[in-house]
Amino acid sequence: MSLDILVIRQLGLQNWTSVFFAMKNFTHQRNHMTLDEIWLVEHPPVFTQGQTSKKEPLSALKNIPVIQSDRGGGITYHGPGQQVLYVMLNLRRRQLSIHQLVGAMERTVLATLSDFSVYAHLRPGAPGVYINGKKICSLGLRIRKGCSYHGLAFNIDMDLTPFLYINPCGDPQLKMTQLIQEKPEVTISDVQPALIRNFMSHLAIKEIYWGNGIHLLGQTVQE
């Protein structure tokens, strides 16, 4: 079997902490023969703090849990209607730098938005994807032993109100947006195949395999 194959798992709505530990365990246990994977997930409402977040002890904010993450970046919000794409790649095997991976992820989202006739742009020094200066997609990664985990959060059709309770990504001036504000008819189901197709294109991946679930804290989650 070619090690270039990318395994895709559609996991639906899942608890953030369970998926976080599953990602860490996958990355810790993988070896040079482990196939790369991406997981398509939505999360119930949760704030996550990245490594650059202020470390004030917050247990909840407006009754939404706040959890410390080991990814890069600041505090952000996840909720239903946001497409999270977790990216677990062996960067050494693919001869990718973290900057190249970030660039490929940003271009993936730009191309996906373009597929729906939405113009988006990047901001120098501020990873992510923007529409008219408002952020539609946030990025945060962790690299361990040459392999990536975490990924991107793409706002599709969600309640953006919780973003008002924080400084998203540490920027008090930053406003958030989502795809339905540009294209009300587009759904997450429409976006998923475009994301996969564009991600494969920007990393020159030619073959994918649809996986049949992962093990989350005692529960096997199927597609």
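The values are calculated or read from the model by the stated rules, or taken from the named source; none is laboratory data. The model shown is predicted, which means the values in this text are computed figures rather than measured ones. A quick note on method: Cβ atoms are made from the backbone with ideal geometry, for glycine too, and the neighbour counts reach across all protein chains shown.
Residue count for region 158-180 under the criterion of being within 21 Å of residue 120 (Cα to Cα), in contact (Cβ under 8 Å) with a residue 24 or more places away in the chain, over 17 Å from the mean Cα position of the chain (by Cα) and assigned to a loop (DSSP other than H, G, I, E, B): the result is 4. Report, by residue number, each residue of region 68-116 that is closer than 22 Å to residue 146 by Cα and part of a loop (DSSP other than H, G, I, E, B). Matches in region 68-116: 69, 70, 71, 72, 73, 89, 95, 96, 97. Of all the residues in region 181-198, those that are among the acidic types (Asp, Glu), surrounded by 14 or more Cβ atoms within 10 Å (Cβ to Cβ) and assigned to a loop (DSSP other than H, G, I, E, B) number 1. Residues in region 144-157 that are touching a Ser or Thr at 6+ places or on another chain (Cβ under 9 Å) and in a loop (DSSP other than H, G, I, E, B) were compared, and the one that is surrounded by the most Cβ atoms within 10 Å (Cβ to Cβ) is 156.
Condition check: within 17 Å of the chain's Cα centre (by Cα), part of a helix (DSSP H, G or I), buried (at least 17 other Cβ atoms within 10 Å of the Cβ) and in contact (Cβ under 8 Å) with a residue 12 or more places away in the chain. Does residue 141 satisfy that?
Details: within 17 Å of the chain's Cα centre (by Cα): yes; part of a helix (DSSP H, G or I): no; buried (at least 17 other Cβ atoms within 10 Å of the Cβ): yes; in contact (Cβ under 8 Å) with a residue 12 or more places away in the chain: yes.
Spelling it out, it is not the case that residue 141 is within 17 Å of the chain's Cα centre (by Cα), part of a helix (DSSP H, G or I), buried (at least 17 other Cβ atoms within 10 Å of the Cβ) and in contact (Cβ under 8 Å) with a residue 12 or more places away in the chain.
For the criterion of being touching a residue at least 24 places away in the same chain (Cβ under 8 Å), over 21 Å from residue 177 (Cα atoms) and either out of contact with any His (no Cβ under 7 Å at 6 or more places or on another chain) or basic (Lys, Arg) (or both), residue 2 passes. Please work out which residue is farthest from residue 17 (Cα to Cα), limiting yourself to region 51-67 and to residues that are exposed (fewer than 13 other Cβ atoms within 10 Å of the Cβ) and modelled with pLDDT of 75 or more. Looking at residues that are exposed (fewer than 13 other Cβ atoms within 10 Å of the Cβ) and modelled with pLDDT of 75 or more, I get 62.
Hey, among the residues in region 117-129 that are buried (at least 18 other Cβ atoms within 10 Å of the Cβ) and part of a strand (DSSP E or B), which one's modelled with the lowest pLDDT? Give the derivation first.
Taking region 117-129 as the starting set, the residues that turn out to be buried (at least 18 other Cβ atoms within 10 Å of the Cβ) are 120, 127-129.
Filter again for part of a strand (DSSP E or B), leaving 127-129.
Values: 127: 91, 128: 95, 129: 98.
Step by step, filter region 117-129, then rank; the result is 127.
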